[in-house]
Amino acid sequence: MSELVTYERQGEIGVITANNPPVNALGQGVRQGLAEAIAQGVADGEAKALLIICEGRTFFAGADIREFGKPPQAPGLPEVLDAIESSPKPIVAAIHGTAFGGGLEVALACHYRCGVASAQFGLPEVKLGLLPGAGGTQRLPRLIGVEPALGMITSGDPIGGKEALANGLADELVEGDLREGALAFARRIVAEGKPPVKIRDLTASIEEAKAKPSLFDDYRKRIAARARGNLSALRCIDAVEGVVTLPFDEGIARERALFQEALVSDQSAALRYVFFAEREVAKIPDVPKDTPTLDVKRGAVLGAGTMGGGIAMNFANAGIAVTLVDVNPDVLKRGMEIIERNYASTVSKGRLSQEEMDKRMALITPGEGLEAVAGADLVIEAVFEDMALKKEIFGKLDTLARPDAVLATNTSTLDVNEIAAATSRPGQVLGMHFFSPANVMRLLEIVRGAKTEPGPLATAMAVARRMGKVGAVVGVCDGFVGNRMLHQYTREAAFLIEEGALPQQVDKVITGFGLPMGPFAMGDLAGLDIGFRVRKHRKAQGTLTGRYAGHVADRLCEMERFGQKTSAGYYRYEKGSRAPVPDPDVEALILKTSEELGIARRNISDEEILARCLYPMINEAAKILDEGIALRASDVDIIWINGYGFPAHRGGPMFHADSVGVKSVYDAVCEFQKEHGDVWKPANLLKKLAEEGGTFTGR
Ligand SMILES: NC(=O)c1ccc[n+]([C@@H]2O[C@H](COP(=O)([O-])OP(=O)(O)OC[C@H]3O[C@@H](n4cnc5c(N)ncnc54)[C@H](O)[C@@H]3O)[C@@H](O)[C@H]2O)c1
C-alpha cells in the first residue's frame, strides 16, 4: 500500500489515515492509497465502520496543483469517491483545517461527517474559473439544500464548523482531540445500527427546489449582474441545476462535461495565472525571504484627510496600535468621526461585531503634534501633496522618529528620492501608495527609492500582508505603475470624444470588456477639478507638451461640472443617485469642441475604442518594464486587477496583450503612431517581443 495512506483497526472501527504534507493534497499517490485502504477496510471482517482522517495541519485541502495541466493518472478522484460512497459499511470523515475542493468532495462521498469547530468547508474552484469536478455540484445541494449550495459554489467562499453543523454539512462537531471524538462518533453509529447514508439518494432538497421553478433563473440574473462577463459562476449554476433536472449519474456526467469545458477556457487560464501572479508579487529577487524585518507594533499616520483616516483603519484592522496626527484639530475630529462611522456601517451590515469595532477604535489614538511619532515603528505620511511640506515633515521626522523606524510617504506624484533626501536615513524611507478608499482597496504600491534598504522594504511588504493588502514593489517615476498607465488610458479616452465618440459609448465598451466603470464615469466619481487644477498649474509652468487632452474637461469645469459631487460632469446625476445619465448638453459641448478644434467627427468603432484605451496602457507598461520600474509583467497585472478593477478573468492588461497576441498589439501601436504621433511610440520591449514571437507573461 502507498505510504501516504495507512489502514489500521481500532476495535470495530477501521481507521484510514492520510499523511501527505504539507496539506494532504489529493495527488495520485493519495488517491491510490485511499482506494486501496477502502478496499482493505471493506474486506476487513472485524471492521464495522470506517473512518477517514488526515495527519498534519489539515484534512485534504484540495487537488495537487502540480498535476494541473498534466494528463490524468488513475485512479481518478471520481472513481475513488464512488468506492467510498458504495461501501456497504458506514464511512465517517473526520475533518480539521481546510476541507477544500476535492477535499470537501471526499467528505461528501462519505456517509457521515464530523469535524472540529475551527474546520473550514469550501468549494473554491470558481475562483480559478473552474467548478467542483468530482461530484461537489451534485452532492452538496442534495445534502444542504440547493440555495445554500449555490451560495457556497458560486462564491467559492468557505464556511466554518458551526455553520456547517447548522446547515447539515457536518453531522457533529468534536471538542478536544479529533481522532478520539471521531472514533466515538463512529462507534455510536455502529451501536445505533445506522446505515451508510449515500448523499446521491437524498431527495428532500430536490423536491424543495422543484417547488420554486424560477430559482435558477433568478440566481443567474443576480450573478450575471455582478460577474462582468466572468462565466465561471454561471457555469457552476448550470451544473447545480442538474440536481433538479437529471438523475444523479447524468448530473455527474454533465458536471464532468462542464468541468472539462471550464478547464480549457481562456477565462480559467487567466484566473489560474492570476492566482500564481498573486503569489509571485510578494517575491523581491534581491530581498531574500529571510531578510530581517522590524516587528511593527505601533504605527503613526500623518494627515487625517481622505487617505490618512483609511490608512489608520488598516493599522487597526491588522491589530496594530496607531496614532493619527493632523495639525488641524477640526480635521482630526472629523477624521475620527468618519472612521467611527465607517466601522459602524460595517457593524450594521453584520460584517463586524460591535466588540471587534470597539477593539479597533481603541487602537486608534488621535494626536495633534508630530511628537506622537516617537513611539512608532512605521510612520506613514499622508499630508497635502506638496513637496516643500513633505520635505519639512520628513526633516522633522528624522529627529523625532526612532532611529530604526521605517518612514513612508503616501505621495501619488512626488519624487520619493527627493523626500528621502530630506532625512539623514534615506535607506529607511520608501513610498506606501494606498488607493482610495484606503481601507477598502486591496492594492498597495510599495515604492522602492534609490536608497531604500532591504529591511525596510521587507517590513513594508510584511505590514501590507498583515493589513490584508496586495503589496507590489515599484520604482520611482511619475505616477509609479498604476497611475502612469492610467494616464495613458484617460488621455486616449479624451481624444476619442474629440474625434467622434461620446462618453457613454466609450464607457460602454470598457464596462463591456469587464471593468466596473469606464473612464468618464470614473472621472466623474474621482472629481474633474483635480485634473483641472493640475493642467492649469502645468500650463502656467509651461510643462504641457504634445496634443492637449483637456479641452472638454476644462469646459466642463468652467461650468462647475466637477462630477458626482456637483451632480454633473461628463454625465448628469439625479438627486441621491450615483447612476450616470447621458446629458444632451454635454453632447452639444463635445460637438462644439470638435468643431472649434477643426476635427471632422467620424464614427469610431467599438474595436478602435477598446484598442485606443488598452494598448497605450500596455505600451506604457512595456516601457515601465524596460525601465525596471516594475519587476515583472505579472506584477503589472496584479496592480491593475486590485487597484483599478481590471477583470481578473482577462488576467490583467499584460496577459490580455498575450491573449490578443503581442505582435498584433505592436502592429496596432505602430499604426496609431503614424496617425496620432509619438505618444504612441512603441516601447523597446513591445517591439522586441513582437519580433521574437515572445510574450509578456509566458502565456
Ligand atoms: N485622495 C486620493 O485619492 C489619494 C490616493 C493616493 C494617494 N494620495 C496622496 O495622499 C496624500 C494625502 O491626500 P488626501 O487626499 O488624503 O489629502 P487631504 O487634503 O484629504 O488630507 C491631507 C491632510 O493633511 C493634513 N496636514 C497638512 N499639513 C500637515 C502637517 N504638517 N501635519 C499633519 N497633518 C497635516 C491636513 O490638515 C489634511 O487633513 C497626498 O500625498 C496624496 O497625493 C491621495
Query raised in the report: What number of residues within the stretch 15-49 are in contact with a Cys (Cβ under 9 Å, 6 or more places away or on another chain) and assigned to a strand (DSSP E or B)?
Result: 2
Query - Top-ranked residue in the stretch 369-383 [being closer than 11 Å to T323 by Cβ and open to solvent by 10 Å² or more (accessible area, probe 1.4 Å); ranked as nearest to the ligand (Cβ to nearest atom)] - result: L370
Report task. Give the stretch 324-352 a look and list any residue that's away from the ligand (no atom under 16 Å from the Cβ) and either in contact (Cβ under 8 Å) with a residue 12 or more places away in the chain or open to solvent by less than 60 Å² (accessible area, probe 1.4 Å) (or both), or say none. Result -> E340, Y343, A344, S345, T346, V347, L352
Report task. Collect the residues in the stretch 441-489 that are buried (at least 22 other Cβ atoms within 10 Å of the Cβ), free of Cβ contacts under 8 Å to residues at least 60 places away in the same chain and not aliphatic (A, V, I, L, M), keeping them in residue-number order. Result -> R448, G449, T452
Report task. Being within 14 Å of the ligand (Cβ to nearest atom), open to solvent by less than 70 Å² (accessible area, probe 1.4 Å) and within 25 Å of the chain's Cα centre (by Cα) is the filter here, so list the residues in the stretch 520-538 that pass it. Result -> M522, G523, A526
Query raised in the report: How many residues are assigned to a loop (DSSP other than H, G, I, E, B) and at pLDDT 95 or above when one looks only at the stretch 528-547?
Result: 1
Report task. Would you check if G303 is on the phi > 0 side of the Ramachandran plot and either touching a residue at least 12 places away in the same chain (Cβ under 8 Å) or within 16 Å of the ligand (Cβ to nearest atom) (or both)? Result -> yes
Report task. Look through E608, E574, E596, E627 and report the one residue that is open to solvent by 20 Å² or more (accessible area, probe 1.4 Å) and in contact with a His (Cβ under 9 Å, 6 or more places away or on another chain). Result -> E596
Query - Filtered residues of the stretch 384-411 (kept if open to solvent by 50 Å² or more (accessible area, probe 1.4 Å), among the basic types (K, R) and within 14 Å of the ligand (Cβ to nearest atom)) - result: K391, K396
Query raised in the report: What strands (runs of 3 or more DSSP E) completely inside the stretch 75-136 contain at least 3 residues that are open to solvent by less than 10 Å² (accessible area, probe 1.4 Å) and touching a Leu at 6+ places or on another chain (Cβ under 6 Å)?
Result: 91-95
Requested in this report: Answer yes or no: is there a residue in the stretch 307-323 that is open to solvent by less than 30 Å² (accessible area, probe 1.4 Å), away from the ligand (no atom under 14 Å from the Cβ), in contact with a Phe, Trp or Tyr (Cβ under 9 Å, 6 or more places away or on another chain) and farther than 24 Å from G431 by Cβ.
Outcome: no
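For (1) open to solvent by 30 Å² or more (accessible area, probe 1.4 Å); (2) assigned to a loop (DSSP other than H, G, I, E, B), each residue gets a yes or a no:
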position	(1), (2)
S205	no, no
K221	yes, no
L234	yes, no
I237	no, no
G242	no, no
R254	yes, no
A270	no, no
K289	yes, yes
P292	yes, yes
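Taking the stretch 674-696 only, how many residues are among the small types (G, A, S), in contact with a helix residue (DSSP H, G or I) (Cβ under 9 Å, 6 or more places away or on another chain) and assigned to a loop (DSSP other than H, G, I, E, B)? Reasoning before the result, please.
First, the residues of the stretch 674-696 that are among the small types (G, A, S): 677, 683, 690, 693-694.
When the remaining residues are screened for being in contact with a helix residue (DSSP H, G or I) (Cβ under 9 Å, 6 or more places away or on another chain), the result is 683, 690, 693-694.
Going one step further and asking which of them are assigned to a loop (DSSP other than H, G, I, E, B), we end up with 683, 693-694.
Selection size over the stretch 674-696: 3.
Can you report the number of residues in the stretch 236-285 which are over 26 Å from the mean Cα position of the chain (by Cα) and of a type in the set (D, E)?
Filtering the stretch 236-285 for residues over 26 Å from the mean Cα position of the chain (by Cα) gives 241-257.
Among the residues that remain, those that are also of a type in the set (D, E) are: 241, 249-250, 255.
Looking only at that region, the number is 4.
The values are calculated or read from the model by the stated rules, or taken from the named source; none is laboratory data. From a predicted model like this one, the values you see are computed outputs, not experimental measurements. Please note: Cβ atoms are built from the backbone with ideal geometry, for glycine as well, and neighbour counts cover all protein chains shown. To get the accessible areas, we keep the full protein, side chains included, count just its heavy atoms, and leave off ligands, DNA and RNA. Shrake-Rupley method; radii C 1.70, N 1.55, O 1.52, S 1.80 Å.
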